[in-house]
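First up is the structure itself, then whatever we jot down about it.
FYI, it's all coordinate maths here, none of it is from the lab. Here the structure is a predicted model, which means the values were calculated and not measured. Neighbour counts run over all protein chains shown; Cβ positions are idealised from the backbone, glycine included.
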Amino acid sequence: MEKSEYYLELQRVFSSEFSFYLKAANFHWNVEGQLFGQLHELFERVYTEVYGSIDQYAEELRALQITTPASLSTFSRLSYIQDENMPGDWRSMLQELLMDSDMMAMKFQQLFMVAEEFGDHGLSNFLADRQDAHKKHSWMLRSSLK
Ligand SMILES: [Fe+2]
């Protein structure tokens, strides 16, 4: 992979992570049903963890002298996450966020390997941690669907 493609992918996955955070917050606010309390808390747990990683990711990009995407229009242009304007019922929220979390885990896994190739070991450690965090989010979302 060319360095310019690698850097663009770092920006795209950063934008996706921010969009993922927003979607988990969206579901935290808008979920309804008998399981409200449980799912309201689960979505909060997910968005809080993801939000806690955003600043470090942004600053990892800056350390590589990459511009950090930081506007809604840029996020919408670069993100792999499908925006959600009409959230469905609690089950479809869980399914959608699970699909997105699995995709994020895969994106972080792929980026980890590219970062290793470029010798960005501090960044690759961070990316590996993000992959792991998304696998845990996926586990909780998947378990709540059974
Ligand atoms: Fe809240």
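In terms of the ratio Rg/(2.2 N^0.38 Å) built on C-alpha atoms, what value belongs to the chain?
1.05
Within segment 1-20, list the residues whose amide N lies under 19 Å from a label point set 7 Å along Cα→Cβ of Gln65.
Taking a point 7 Å out along Cα→Cβ of Gln65, the residues of segment 1-20 whose backbone N falls under 19 Å are 2-11.
Rounded to the nearest 500 deg cm²/dmol, what is the calculated helix-only ellipticity per residue at 222 nm for the chain, with -39500 (n - 2.57) per DSSP H run of length n ≥ 4?
Details: 5 runs with 115 residues, N = 146.
Dividing the helical sum by the residues of the chain leaves -27500 deg cm²/dmol.
When the chain is fully extended, how far beyond the present Cα-Cα distance does Asn30 get from Glu5, taking 0.36 nm per residue of separation?
So the extension gain works out to 5.3 nm.
Give me the lysines in straight-line cross-link reach of Lys146: C-alpha distance below 28 Å, same-chain residues under 8 apart excluded.
Lys146 reaches Lys23, Lys107, Lys135, Lys136.
Which one of Met140, Gly37, Gly122 has its Cα pushed farthest toward the positive end of the charge dipole of the chain, where Lys and Arg give +1 and Asp and Glu give -1 at the Cβ?
Among Met140, Gly37, Gly122, the one farthest towards the positive end of the dipole of the chain is Gly37.
Starting from 0.36 nm per residue, how many nanometres of slack lie between Asp129 and Arg142 once their C-alpha separation is accounted for?
Going from the current span to full extension adds 2.7 nm.
Between Ser73 and Glu41, with labels modelled 7 Å along Cα→Cβ, what's the label distance in nm to one decimal, could you check?
Modelled inter-label distance: 4.2 nm.
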